[in-house]
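*Asks:* I'd like to ask some things about the structure below.
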């Protein structure tokens, strides 16, 4: 458990050492983060995959305002994004746990929307959730993300989108640490990390 999590008093899987890979998969599905048990079963065996450096598809001049909205056609988005980023942000896909760019990143900086560059989260609110995806207890400001009801897996969850370009980012759950009690379970493919920025 890292120092930040000790300060927050949060590490759900660390409190459950009896969990096997299959148990972890069931826990993740129950939390609504995973859509494929096989991916979670490999959680303890696979480290972060080597991926190309992330870049914003359509950078904007002001990355601290959710307006004006950024709207593109599916073909325009696809032309500027790698396949995984397009699948996650435009088709509401989910990347594999523990095999993504930022789940184990501990640097200081800002996480931007991979589609439009809006500043969404900071490393100050990132914590180890034990899920294999980057997790945050709050966005930079409430107007940076938008919530949407998602019933795609037969259960009602709260999807999180970028407020400026409506890119799918992940989901938010009410099992996070203080001070908010929320866990923004995000896809690394939907984010670009900018080191040193707050």
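Values quoted throughout were computed directly from the atomic coordinates according to the rules given, and no laboratory measurement underlies them. The structure displayed is predicted, hence computed values, not measured ones. Using ideal geometry, Cβ is built from the backbone for each residue, glycine included, and neighbour counts are taken over all protein chains shown.
*Asks:* Modelled label-to-label distance, residue 106 and residue 141, 7 Å Cα→beta-carbon offset: nm?
*Replies:* With each label point 7 Å from Cα toward Cβ, the separation is 3.2 nm.
*Asks:* Rounded to the nearest 0.05, what FRET efficiency do residue 83 and residue 124 have when you use their Cβ-Cβ distance and R0 = 22 Å? List each step's numbers first, then the result.
*Replies:* On the way: r = 31 Å, r/R0 = 1.43.
The calculated FRET efficiency here is 0.10.
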